[in-house]
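J.: Just passing along the structure, written as structure tokens.
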Amino acid sequence: MKSLLIFIALTVALVPVVMAKSATNNAYIGSADQGKVKSATCAGCHGSDGNSGAADFPKLAGQHASYLASTLRAYRDGSRENAIMAGLAAVLSEEDIADLSAYYSTQIISSGAAQADLLDRGEYLYRFGDTEKGISACVACHGPTGVGLGSAVFPSLKGQWAGYSSTQLRAFRDGLRVNVMMNGVAQNMSDADIKAVSSYVEGLR
């Protein structure tokens with residue numbers, strides 16, 4: 001009888017664990033097809049395929065789904081501020097976020113070009129940083145070709161508008177956008193450094 005009670009107790013205790021594992025294994029991944037349909041609202045700023053027409057709006061095409069999902073959640077919960085995106089993200093469900101992220105991650109980002117007179121300084125900063133100024137190399141997290149690392153939620157940078165990257169780096173430097181790692185990287189960058197490395201990033205393929 002005692003053994004039976006112990007068995008029942010253990011079984012009951014394990015039920016939540018099994019259910020939790022089942023929920024994790026069955027987590028919704030996202031449908032690119034559904035994301036394409038839902039992206040109609042986003043197309044005005046980011047383009048129908050995630051390639052925006054101007055540096056005011058980032059290119060989303062080819063970005064890691066993990067990063068896109070994380071960013072949309074940040075806009076939704078207010079931890080990243082943007083008046084337009086906050087309003088749009090507020091109504092998104094987790095399924096919507098997964099679908100949109102899946103769609104944009106399957107698109108191909110349009111090519112950009114680095115500014116010739118900024119190429120040397122931009123490449124040096126990206127690949128090696130600047131130890132004298134305390135600037136870390138971008139390649140450590142974003143890779144030699146700028147593709148980032150989805151599993152670590154490090155975004156792809158290649159082909160991104162130089163103007164958009166510059167705006168974000170200044171925001172990190174000035175504390176207007178909070179990310180401990182990026183705040184530390186950008187804090188010692190001059191406007192000239194930011195302009196050079198952003199130009200280099202746009203030209204990465």
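Here, each number is a calculation from the coordinates, and none is a lab measurement. Bear in mind that the values here come from a model prediction, so they are computed numbers and not experimental data. Quick reminder, even Gly has a Cβ in these numbers, built from the backbone with ideal geometry, and neighbours come from all protein chains shown.
J.: Full-extension gain between N183 and D120, please, as 0.36 nm times their residue separation minus the C-alpha to C-alpha distance. Show your work: numbers first, answer last.
T.: Numbers: separation 63, 0.36 × 63 = 22.68 nm, distance 2.38 nm.
In short, 20.3 nm is gained.
J.: Along the three principal axes, how long is the chain when you take its alpha carbons, biggest first, rounded to the nearest angstrom?
T.: 83, 42, 29
J.: Quick one: compute a quarter of the convex hull surface over the Cα atoms of the range 116-203 and quote it in nm². Kindly include the intermediate steps, with their values, before the conclusion.
T.: Numbers: hull surface 20.4 nm².
Approximately 5.1 nm², given one-decimal rounding.
J.: Can you pull the one-decimal nm distance between simple spin-label points at A113 and R205, each 7 Å off the Cα toward Cβ?
T.: With each label point 7 Å from Cα toward Cβ, the separation is 1.2 nm.
J.: Then there's this: May I ask for the Rg/Rh ratio of the range 92-153, computed from Cα atoms with Rh as the Kirkwood radius, given to two decimals?
T.: On the way: Rg = 16.1 Å, Rh = 14.3 Å.
Answer for the range 92-153: 1.13.
J.: Then there's this: Find how much the distance from D56 to A192 grows on full extension, using 0.36 nm per residue of separation minus their present alpha carbon separation; answer in nm with one decimal. Show your work: numbers first, answer last.
T.: Values: separation 136, 0.36 × 136 = 48.96 nm, distance 1.95 nm.
Going from the current span to full extension adds 47.0 nm.
J.: Starting with the highest mean, order 182-188, 58-64, 147-153 by the number of other Cβ atoms within 10 Å, averaged over the residues of each peptide.
T.: Descending packing order for the listed peptides: 58-64, 182-188, 147-153.
J.: Among S101, L60, A40, flag the residue with its Cα farthest along the positive direction of the charge dipole of the chain, charges on Cβ as +1 for Lys/Arg and -1 for Asp/Glu.
T.: S101
J.: Among the helices of the chain (complete DSSP H runs), which have Cα atoms covering no less than 15 Å along the helix axis and a Kyte-Doolittle mean of at least 1.0?
T.: Working: long enough: 2-25 (34 Å, 1.54); 65-77 (18 Å, -0.34); 94-105 (16 Å, -0.53); 162-173 (16 Å, -0.53); 191-203 (19 Å, -0.09).
Correct list, ordered by number: 2-25.
J.: Excluding residues on the same chain fewer than 8 positions from K195, give the aspartates and glutamates whose Cα lies under 20 Å from its Cα.
T.: Cross-link targets: D56, D117, D120, E123, D130, E132, D174.
J.: Would you pull out the residues with amide H under 5 Å of I135's amide H, same chain only if 5 or more places away, H placed 1.01 Å from N?
T.: The answer is D130.
J.: Shifting gears a bit: Residues with beta-carbon under 13 Å from that of M189, excluding M189: net charge, scoring Lys, Arg +1 and Asp, Glu -1?
T.: 0
J.: For the cross-link pairs K38/K59; K36/K59; K59/K158; K59/K133, which exceed 20 Å when the distance is taken from alpha carbon to alpha carbon? Let's see the in-between values first.
T.: On the way: K38/K59 17 Å; K36/K59 15 Å; K59/K158 10 Å; K59/K133 30 Å.
From the list (K38/K59; K36/K59; K59/K158; K59/K133), the Cα-Cα distance tops 20 Å for K59/K133.
J.: Describe numerically, in nm with one decimal, the distance between label points set 7 Å from Cα along Cα→Cβ at D174 and at S79.
T.: 2.4
J.: Let me ask you something else. Determine the gain in length on full extension of the stretch V37-A137; use 0.36 nm per residue of separation and subtract their C-alpha separation, reporting nm with one decimal. The partial results should precede the final answer.
T.: Values: separation 100, 0.36 × 100 = 36.00 nm, distance 3.85 nm.
Between V37 and A137, full extension yields 32.2 nm more.
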